[in-house]
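Enquirer: Let me give you the structure first, and then I'll get to my questions.
The values are calculated or read from the model by the stated rules, or taken from the named source; none is laboratory data. Owing to the predicted nature of the structure, the values given are computational and were not obtained by experimental measurement. Neighbour counts run over all protein chains shown; Cβ positions are idealised from the backbone, glycine included. Note: accessible area is taken over every heavy atom of the protein model, side chains too, but ligands, DNA and RNA are not part of it. Shrake-Rupley method; radii C 1.70, N 1.55, O 1.52, S 1.80 Å.
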Amino acid sequence: QLITTATADSTRRAAVLTYRIEPGTAYVVGKMSIAGNRLTRSDLIARGVTLREGRPFRWDLAEASQRRLLDTALFRDVNLVPAVPDSGGNVVDFSVSVVERKPAFYEFGVGVGSRERLRVLAAWGHNNLWGTGQRLQLRARPYISYERILNNPDTRVTPQFNYRFDLLHVYPYLFGDRLRLNTNVYLERKTRGESGLN
């Protein structure tokens, strides 16, 4: 609604513009379908969606569900698409379409330094064991240390072979959705020539 009124300046008028907004139909969540997942279990994807059947369909919850699924790093893309509802009903079904990432990875590197004269880094991991979102990583870091024992100039400097091997496991849904369990088992050998500690 637009209402104009005269002002003291005859060449100008004041205008009041009024918008009237009528809310549309309030929809509730219907059935959910999941597509695009070949490696990830459907129940794991459904767990990441906060929309629940029979509750009001809110787009902010749909966007939050999309972010939550992307944060798992299991998917390159996630789309929540509501179906066109029946003109006479208030229930809207929706589909969750995902594009999965490759779950396995490997890393390799070499380096040099003043204490760790030569080191090698190698790792292998899987971010979606059995399609459950569990993560497993194996890391190896052998290196050679080169220090004079106790800073004694008369002491012969000998290289020391050291290493660290890690096995890391992540269980993402401990006690429902509230906690994540991280486990790290490692084997390490470390020498410190300056302190005489092995």
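Enquirer: For the pair residue 60 and residue 106, what calculated FRET efficiency results from E = 1/(1 + (r/R0)^6), where r is the Cβ-Cβ distance and R0 = 35 Å, to the nearest 0.05?
Expert: It comes to 0.35.
Enquirer: Considering only 23, 142, 159, give the residue with the highest GNM mean-square fluctuation for the chain, with springs between Cα atoms whenever their separation is below 10 Å.
Expert: 23
Enquirer: Please return the longest range in the chain lying between exposed loop sites, taking chymotrypsin sites (Phe, Trp or Tyr not before Pro), DSSP loop only, at most 13 other beta-carbon atoms within 10 Å, and leaving the sites out.
Expert: Working: sites that count: 19, 130, 175.
By the stated rule (loop sites, at most 13 other Cβ atoms within 10 Å), 20-129.
Enquirer: Hey, another quick one. Full extension from residue 175 to residue 77: what is 0.36 nm times the residue separation minus their Cα-Cα distance, to one decimal in nm?
Expert: On the way: separation 98, 0.36 × 98 = 35.28 nm, distance 2.73 nm.
This chain segment gains 32.6 nm when fully extended.
Enquirer: Using Cα springs under 10 Å in a Gaussian network model of the chain, which residue among 22, 107, 188 shows the largest mean-square fluctuation?
Expert: Maximum fluctuation in the GNM of the chain, among the listed residues, is at 22.
Enquirer: Which distance in nm do the two modelled labels at residue 122 and residue 70 give, with both placed 7 Å along the Cα-to-Cβ direction?
Expert: Output for this residue pair reads 3.7 nm.
Enquirer: Quick one: give the max-minus-min coordinate of the C-alpha atoms of segment 20-131 along each principal axis, largest first, in Å.
Expert: So the three principal-axis extents are 73, 35, 17 Å.
Enquirer: Note the angle between two axes, namely the Cα long axis of helix 59-71 and the longest principal axis of the Cα atoms of the chain, as a number of degrees from 0 to 90, rounded to the nearest 10.
Expert: 20 degrees
Enquirer: Residue 28 versus residue 10, label points 7 Å from Cα toward the beta carbon: distance in nm?
Expert: 6.4 nm
Enquirer: Something else about it: Run the Debye formula on the Cα coordinates of segment 1-52, all scatterers equal and no solvent, and tell me log10 I(q)/I(0) at q = 0.15 1/Å.
Expert: So the normalised log intensities work out to -0.65.
Enquirer: At 222 nm, what value in deg cm²/dmol follows for the chain if DSSP H runs of at least 4 each add -39500 (n - 2.57) and the sum is divided by all its residues, to the nearest 500?
Expert: Counting only the DSSP helices, I get -3000 deg cm²/dmol.
Enquirer: The list (i) 18.5; (ii) 22.7; (iii) 18.0 gives values of Kirkwood radius over Cα pairs in Å, and only one came from this structure; which label was calculated from it?
Expert: (ii)
Enquirer: Now a separate question. Name the long-range amide H neighbours of residue 73: under 5 Å, sequence gap of 5 or more, or other chain; modelled H, no Pro or chain starts.
Expert: Residues meeting the amide H criterion: none.
Enquirer: GNM on the chain, C-alpha springs below 10 Å: top fluctuator among 45, 21, 34?
Expert: 21
Enquirer: Then there is this: Pop the C-beta distance of residue 186 and residue 144 into the FRET formula with R0 = 25 Å and round what comes out to the nearest 0.05.
Expert: Numbers: r = 19 Å, r/R0 = 0.77.
Efficiency for this residue pair is about 0.85.
Enquirer: Which value, in Å², gives the accessible area per residue of the chain when a 1.4 Å probe is used on the protein heavy atoms?
Expert: On a per-residue basis, the chain sits at 71 Å².
Enquirer: Let me ask something else. Defining a contact as two alpha carbons under 8 Å apart and six or more residues distant in sequence, what relative contact order in percent does the chain show?
Expert: 14 percent.
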